[in-house]
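Q: Got a structure here, written out as structure tokens. Questions coming.
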Amino acid sequence: MAKNDPYAALRYREFNIFLLLRFALVFAWTMQFVVIEWEVYSITKDPLSLGIIGLMEVIPAVSMALFAGHVVDQKEKKSLLIKCIIGFSVISFGLFLITWPRVIEGLATQTILYIVYALVFLGGIVRAFIGPTIFSLFSLLIPKKVYPNAATWSSSVWQVGAVLGPALGGFTIHWIGVHWSMCLIFGFSLLALFSLFQIPKKPVLNPNIGEPVMKSLKGGLKFVFNNKIILGALTLDMIAVLFGGAVALLPIFAQDILHVGSEGFGILRASPAVGAAIIMFTSAYFPLNKNAGMKLLAAIFGFGVCIIVFGLSTWFWLSVFALFMSGVTDGISMIIRQTILQLKTPDAMRGRVASVNSMFVGSSNELGAFESGLTAKLMGTVTAVVFGGCMTLITVVTTGALLPKFRKLDLRKDLEEPEKES
């Protein structure tokens with residue numbers, strides 16, 4: 001296998017199955033969130049309701065995250081992931097029913113809204129477990145020396161799902177309606193479940209099985225907060241996404257500012273993921289390990305600039321381009337961050353570290369949705385987006401000034417260590 005083989009990770013059969021599994025889950029999850037956003041805003045015409053959707057998912061995701069990480073480190077990963085996917089499938093089927101006119105006939109609009117919020121809340125519980133489980137399973141499928149290449153392909157597949165899910169969500173809302181769009185989402189959750197059955201069970205690498213919960217959680221938190229590189233990467237991305245997330249307000253831009261309808265909404269929603277997918281596939285041939293710290297800082301700074309341009313734009317195709325470039329910069333950030341986590345996390349702590357990651361970064365998307373909805377309510381949609389972009393720029397400049405070690409981060413040295421150990 002060549003040293004810089006761009007297809008190194010794809011030469012492992014189980015990893016290819018894992019990619020199909022991840023694609024199906026991401027496709028279903030992102031499409032579901034888009035369809036829910038559209039339906040809720042169509043019902044309420046209130047930007048705050050979009051923020052509440054994010055809040056309903058982030059509350060359980062954050063509150064359960066550390067405990068979920070402990071459970072993941074203690075349990076066999078395949079069996080746990082099966083339970084997570086079944087839970088997601090049940091939620092998708094519930095949303096399918098609550099958007100079926102025959103089922104909800106006679107129900108008050110407020111009642112339907114509360115049921116949707118409740119199902120999203122249950123989805124947040126599932127999400128608390130599914131992220132750390134997938135992160136831990138990833139490392140059991142391929143040798144450590146191909147982690148960076150595998151992280152690139154895994155992130156690329158994630159972005160492909162994030163492209164097709166929202167885009168198809170926008171189009172299927174127009175073609176077949178919200179109800180049958182939810183049926184398609186349920187079908188993809190079953191595809192993910194079928195794919196998982198093709199991967200055999202893996203050993204539990206944690207030597208501290210049966211460790212008390214509080215001791216386990218304390219150990220995970222101590223590791224993350226003592227590792228300044230991991231902590232810096234997570235904090236930087238969390239704040240940037242928290243304040244720079246304009247995606248939650250896209251239904252407002254599509255319907256009330258750009259006036260492009262559901263099809264234009266699908267294009268807008270998919271544009272960031274298209275940009276991210278392109279840069280991720282490119283990075284398989286041109287790794288980002290050299291000067292990774294500066295590249296991460298530059299990528300998030302560029303992300304903030306793109307968000308400001310999008311907020312100020314009143315021309316549809318300029319808005320699409322700004323979102324596309326925000327995806328390019330976000331894709332670079334994701335690849336570098338995932339490589340840092342995979343290389344610097346011990347096998348026995350992957351679940352707990354991934355849980356902290358979900359609290360810092362994953363949940364910041366939903367907190368960002370709530371922040372965007374709230375600030376849009378208070379100061380107007382355009383002002384809220386521009387404010388978020390400016391906060392992102394301030395975060396990058398501050399981080400770069402305060403953490404010189406982070407600026408000098410180069411992952412090529414970390415790649416040499418696993419090879420010496422093997």
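The values are calculated or read from the model by the stated rules, or taken from the named source; none is laboratory data. Bear in mind that the values here come from a model prediction, so they are computed numbers and not experimental data. Reconstructed Cβ throughout: ideal geometry from the backbone, glycine too, with neighbour counts over all protein chains shown. Note: accessible area is taken over every heavy atom of the protein model, side chains too, but ligands, DNA and RNA are not part of it. Shrake-Rupley method; radii C 1.70, N 1.55, O 1.52, S 1.80 Å.
Q: Quick check: is even one residue across the range 106-114 open to solvent by 60 Å² or more (accessible area, probe 1.4 Å), assigned to a helix (DSSP H, G or I), under 26 Å from Asp46 (Cα atoms) and among the aromatic types (Phe, Trp, Tyr)?
A: Checked against the condition, which is being open to solvent by 60 Å² or more (accessible area, probe 1.4 Å), assigned to a helix (DSSP H, G or I), under 26 Å from Asp46 (Cα atoms) and among the aromatic types (Phe, Trp, Tyr), the range 106-114 yields at least one hit.
The rows are residues; the columns are (1) open to solvent by less than 60 Å² (accessible area, probe 1.4 Å); (2) not small (Gly, Ala, Ser); (3) not in a loop (DSSP other than H, G, I, E, B).
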{"site": "Pro203", "(1), (2), (3)": "no, yes, no"}
{"site": "Ile209", "(1), (2), (3)": "no, yes, no"}
{"site": "Lys218", "(1), (2), (3)": "no, yes, yes"}
{"site": "Gly232", "(1), (2), (3)": "yes, no, yes"}
{"site": "Leu236", "(1), (2), (3)": "yes, yes, yes"}
{"site": "Gln255", "(1), (2), (3)": "yes, yes, yes"}
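Q: Filter the range 175-193 down to the residues that are open to solvent by less than 40 Å² (accessible area, probe 1.4 Å) and among the β-branched types (Val, Ile, Thr), then identify the one that is nearest to Leu20 (Cα to Cα).
A: Ile185
Q: Please enumerate the residues belonging to the range 27-69 that are at pLDDT 85 or above and of a type in the set (Ser, Thr, Tyr).
A: Within the range 27-69, Thr30, Ser63 meet the criteria.
Q: Okay, next question. If Gln32 passes every condition in (1) touching a Pro at 6+ places or on another chain (Cβ under 7 Å); (2) open to solvent by less than 20 Å² (accessible area, probe 1.4 Å) but one, which one does it miss?
A: Looking at each condition in turn, Gln32 falls short on (1).
Q: Go through Thr314, Thr383 for me and flag whichever is in a loop (DSSP other than H, G, I, E, B), more than 17 Å from the chain's Cα centre (by Cα) and modelled with pLDDT of 85 or more.
A: Being in a loop (DSSP other than H, G, I, E, B), more than 17 Å from the chain's Cα centre (by Cα) and modelled with pLDDT of 85 or more holds for just one of Thr314, Thr383, which is Thr314.
Quick grid of which residues meet (1) over 17 Å from the mean Cα position of the chain (by Cα); (2) farther than 21 Å from Ser355 by Cβ:
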{"residue": "Val40", "(1), (2)": "yes, yes"}
{"residue": "Ile43", "(1), (2)": "yes, yes"}
{"residue": "Ile52", "(1), (2)": "yes, yes"}
{"residue": "Leu55", "(1), (2)": "no, no"}
{"residue": "Cys84", "(1), (2)": "no, no"}
{"residue": "Phe96", "(1), (2)": "yes, yes"}
{"residue": "Trp100", "(1), (2)": "yes, yes"}
{"residue": "Tyr117", "(1), (2)": "yes, yes"}
{"residue": "Leu122", "(1), (2)": "yes, no"}
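Q: Name every residue in the range 382-407 that is within 18 Å of Ala233 (Cβ to Cβ), of a type in the set (Gly, Ala, Ser) and touching a residue at least 40 places away in the same chain (Cβ under 8 Å), in order of residue number.
A: Answer for the range 382-407, where residues must be within 18 Å of Ala233 (Cβ to Cβ), of a type in the set (Gly, Ala, Ser) and touching a residue at least 40 places away in the same chain (Cβ under 8 Å): just Gly400.
Q: Next question. Please go through the range 75-89 and pick out each residue that is of a type in the set (S, T, N, Q), within 18 Å of Phe186 (Cα to Cα) and either outside any helix (DSSP H, G or I) or open to solvent by 30 Å² or more (accessible area, probe 1.4 Å) (or both). Please lay out each step first, then the result.
A: Of the range 75-89, the ones of a type in the set (S, T, N, Q) are 79, 89.
Add one more test, that the residue is within 18 Å of Phe186 (Cα to Cα), and what stays is 89.
If the condition is that a residue be of a type in the set (S, T, N, Q), within 18 Å of Phe186 (Cα to Cα) and either outside any helix (DSSP H, G or I) or open to solvent by 30 Å² or more (accessible area, probe 1.4 Å) (or both), then no residue fits.
To keep it simple, each residue is scored yes or no on (1) assigned to a helix (DSSP H, G or I); (2) open to solvent by less than 50 Å² (accessible area, probe 1.4 Å); (3) touching a strand residue (DSSP E or B) at 6+ places or on another chain (Cβ under 6 Å); (4) under 26 Å from Lys201 (Cα atoms).
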site	(1), (2), (3), (4)
Ile43	yes, no, no, no
Ser49	yes, yes, no, no
Val58	yes, yes, no, no
Asp73	yes, yes, no, yes
Ile91	yes, yes, no, yes
